[in-house]
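The values are calculated or read from the model by the stated rules, or taken from the named source; none is laboratory data. Remember, it's a predicted structure, so these values are computed and weren't measured experimentally. As a convention, Cβ positions derive from the backbone with ideal geometry for all residues, glycine included, and neighbour counts pool all protein chains shown.
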């Protein structure tokens, strides 16, 4: 069985997720509405002018990632939890290679987060009067953060799907693993707001990339174990 | 279609302090139907789960042999088809979409016509094939579940209580399915239904 | 019988050693320069506690990986024992650190990167046990907990090494400072090293006690089955 067939199978899983989601819209609704509600609350209560000029880069960067982070926590576990809830997990387990399942679900979570960012970040920028000098570095950082968050969320989702009380457990398990990521992303975003130079954002970008790489390797090793346990 | 033989020896499974299976040995051969029988809780489903490779044995081992060459564990899913009461198909997809998905996972590209024929063989009309499974009766869902198990023409078929939720015609459908696979596949059926037991060429009796 | 005697001797040795460490920490080591009052003496307890918390994390990883490879229930019990001790020691490290922070900087908590690192370690341990509590099947519990432990271990270096570089830290230089030299009075260093050995001894003692208990329970369960 070649790598190309692994890709085909992973895409089949991804396409299935996408089709299910387009019909039920549960994940999109929970993540999107959570993000939107928090954004509205923050924008209404704080808005662009409640923050001193010198505090802006730091506070705006921190609030942006906190909104994205908690919105992600509200829905990314569904990829595995719903399979257990609907008793389709065993059918899937018996029909597919673990890595194809993992890759397909990961792709779906990446797509979900990317959609969330595409919708929320511009809105946040407008409502909060966020001025960004390094737009391209910021986009790179958002993309890297999206992949890294989806990687951690996907493997943690696979772990909690077979435990009881999985909804709360997901947040409990994911938060300590994602905090380093969050710290690096906030630091990078703050820099991208004040400086257009790539070299300034690079340390954060490298940190996020390295963390994503490590999580990727660990997931490939751990997922088959978790999936079959 | 290669013929596959499954051998198992010293197979045991514990759940915590409860021992469900102990020291079970035997084999499933191509062109042979094995009926697995025994009272509730005697480990019929557990045995099928172990043979399908979806559960790890506490002791002993299971191996798949394709013309006497061992098949690695990660390839078993391409050879076997399984249907059981604790499995479901996707309710938010149509019967046809379900089958297409399960075929693609095994690396097979089947046309809609071929998939519709699989469903028709199990008694699902073409107009139902394009409806969402969520709208199906439990008997129709059972048929989609069985279709999922045979869509890739498996060399090994493991059925756990196949005619649950099915009416009399459903029972005949399963009989026809087993008959059509009998010529080439290794089949195991876990059941307590005397008519289904009669399909077996051999029998594994579990429990005391 | 000799085993029992050896264990008894070893317990007395750790006890006597720790008495020496406590005496040394208060009466043998000189007062450190540049710290408020005698506050720096807490280093003889705080640093070994933090060290044991990290050591327990490493033991937890090692036994978890071994469980994933061999599926021996005793390895799972070892991993859980290491995590339990790790949780206790990281709480103690956090508390001693806070006391020192209060005396030195006037606040129990000031979101120093090192404080955050130890708190995250604490959260990881807590999450590990929350996960274990939520899974009834023993084998699955072992496998999933081991997977989470491994995942947590690979992300920890980012917290310990990367994040403190992004943020300014108030924390005094760690034992070996940025210049790569050990910058400490020799008597203080003696006491600190002795304390590290002593606390590691306590950890080994508690850890082996838990593992022996788990072994007895597992053996009894297996006897009952056969």
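Are any residues in region C:167-218 under 25 Å from residue C:138 (Cα atoms) and modelled with pLDDT of 90 or more, and if so, which ones? Break it down stepwise before answering.
Filtering region C:167-218 down to residues under 25 Å from residue C:138 (Cα atoms) leaves C:206-218.
Of everything in region C:167-218, those that are under 25 Å from residue C:138 (Cα atoms) and modelled with pLDDT of 90 or more turn out to be C:206, C:207, C:208, C:209, C:210, C:211, C:212, C:213, C:214, C:215, C:216, C:217.
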Subject >> Selection within region A:158-168 - surrounded by fewer than 23 Cβ atoms within 10 Å (Cβ to Cβ) and not in a loop (DSSP other than H, G, I, E, B) >> reply: A:166, A:167, A:168
Subject >> Failed item, numbered, when residue A:202 is tested on (1) more than 10 Å from every other protein chain (Cβ to nearest Cβ); (2) more than 25 Å from residue A:89 (Cβ to Cβ); (3) in contact (Cβ under 8 Å) with a residue 40 or more places away in the chain >> reply: (3)
**OP:** Could you check, for region B:100-107, whether at least one of its residues is surrounded by 14 or more Cβ atoms within 10 Å (Cβ to Cβ), in contact (Cβ under 8 Å) with a residue 60 or more places away in the chain and closer than 28 Å to residue B:3 by Cβ?
**Re:** no
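In this structure, is residue B:89 part of a loop (DSSP other than H, G, I, E, B) and closer than 30 Å to residue A:21 by Cα?
Details: part of a loop (DSSP other than H, G, I, E, B): yes; closer than 30 Å to residue A:21 by Cα: yes.
Answer is yes for this residue.
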**OP:** Quick one: count up the residues across region C:122-144 that are farther than 14 Å from residue A:173 by Cβ, part of a loop (DSSP other than H, G, I, E, B) and facing chain A (nearest Cβ under 8 Å).
**Re:** 1
**OP:** Collect the residues in region A:169-182 that are under 20 Å from residue A:203 (Cβ atoms), crowded, with 23+ Cβ neighbours inside 10 Å and more than 12 Å from the chain's Cα centre (by Cα), keeping them in residue-number order.
**Re:** A:180
Original post:
Does residue C:101 fit the bill of being in contact with a helix residue (DSSP H, G or I) (Cβ under 8 Å, 6 or more places away or on another chain), modelled with pLDDT of 90 or more and either more than 8 Å from chain A (Cβ to nearest Cβ) or under 26 Å from residue C:200 (Cβ atoms) (or both)?
Top reply: no
Subject >> Tally of residues being over 21 Å from residue A:32 (Cβ atoms) and either in contact (Cβ under 8 Å) with a residue 12 or more places away in the chain or within 19 Å of the chain's Cα centre (by Cα) (or both) across region A:61-87 >> reply: 4
Subject >> Long-range neighbours under 6 Å by Cβ, at least six apart or interchain, first residue without any contact (Cβ under 8 Å) to a residue 60 or more places away in the chain and at negative phi within region A:8-37, second buried (at least 19 other Cβ atoms within 10 Å of the Cβ) and assigned to a helix (DSSP H, G or I) >> reply: A:34/A:71
Original post:
Looking only at region B:132-152, which residues are in contact with a strand residue (DSSP E or B) (Cβ under 6 Å, 6 or more places away or on another chain) and either farther than 16 Å from residue B:112 by Cα or free of Cβ contacts under 8 Å to residues at least 40 places away in the same chain (or both)?
Top reply: B:145, B:146, B:149
Original post:
Under the condition of being within 14 Å of chain A (Cβ to nearest Cβ) and in a loop (DSSP other than H, G, I, E, B), which residue from region B:97-135 is farthest from residue A:7 (Cα to Cα)?
Top reply: B:131
Original post:
Here is a list of conditions, (1) free of Cβ contacts under 8 Å to residues at least 40 places away in the same chain; (2) part of a loop (DSSP other than H, G, I, E, B), and residue C:37 meets all of them except one; can you say which number that is?
Top reply: (1)
Original post:
If only one of A:27, A:3, A:62 is at pLDDT below 90 and within 20 Å of residue A:74 (Cα to Cα), which one is it?
Top reply: A:27
**OP:** Could you grab the pairs with beta carbons closer than 8 Å, sequence gap of 6+ or different chains, first residue in region B:48-66 and more than 20 Å from residue B:160 (Cα to Cα), second one in a loop (DSSP other than H, G, I, E, B)?
**Re:** B:66/B:2; B:66/B:3; B:66/B:155
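Collect the residues in region A:75-92 that are within 9 Å of residue A:27 (Cβ to Cβ) and away from chain B (no Cβ under 14 Å), keeping them in residue-number order. I'd like the intermediate steps shown before the answer.
Kept after step one, since they are within 9 Å of residue A:27 (Cβ to Cβ), are these residues of region A:75-92: A:75-76, A:78-79, A:82.
If the condition is that a residue be within 9 Å of residue A:27 (Cβ to Cβ) and away from chain B (no Cβ under 14 Å), then A:75, A:76 are the ones that fit.
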Original post:
Is at least one residue of region A:173-193 within 10 Å of chain C (Cβ to nearest Cβ), out of contact with any helix residue (DSSP H, G or I) (no Cβ under 8 Å at 6 or more places or on another chain) and either in contact (Cβ under 8 Å) with a residue 60 or more places away in the chain or in a helix (DSSP H, G or I) (or both)?
Top reply: no
**OP:** With the condition kept exactly as written, say whether any residue in region B:173-181 is within 23 Å of residue B:95 (Cβ to Cβ), touching a helix residue (DSSP H, G or I) at 6+ places or on another chain (Cβ under 6 Å), outside any loop (DSSP other than H, G, I, E, B) and free of Cβ contacts under 8 Å to residues at least 40 places away in the same chain.
**Re:** no
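Here are some residues: C:78, C:71. Which one is crowded, with 18+ Cβ neighbours inside 10 Å, within 30 Å of residue B:57 (Cα to Cα) and touching a helix residue (DSSP H, G or I) at 6+ places or on another chain (Cβ under 9 Å)?
Working: C:71 fails: crowded, with 18+ Cβ neighbours inside 10 Å.
Just one listed residue meets the conditions, C:78.
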Original post:
What are the pairs, 6+ residues apart or on separate chains, where a residue within region A:109-120 that is surrounded by fewer than 16 Cβ atoms within 10 Å (Cβ to Cβ) has its Cβ under 8 Å from a residue that is at pLDDT 95 or above and part of a helix (DSSP H, G or I)?
Top reply: A:114/A:143; A:114/A:146
**OP:** Determine if region B:190-199 includes at least one residue that is part of a strand (DSSP E or B) and buried (at least 20 other Cβ atoms within 10 Å of the Cβ).
**Re:** yes
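Take the conditions surrounded by fewer than 16 Cβ atoms within 10 Å (Cβ to Cβ) and away from chain B (no Cβ under 14 Å) and apply them to residue A:48. Does it pass? It would help to see each step written out before you state the result.
Numbers: surrounded by fewer than 16 Cβ atoms within 10 Å (Cβ to Cβ): yes; away from chain B (no Cβ under 14 Å): yes.
Criteria met by residue A:48.
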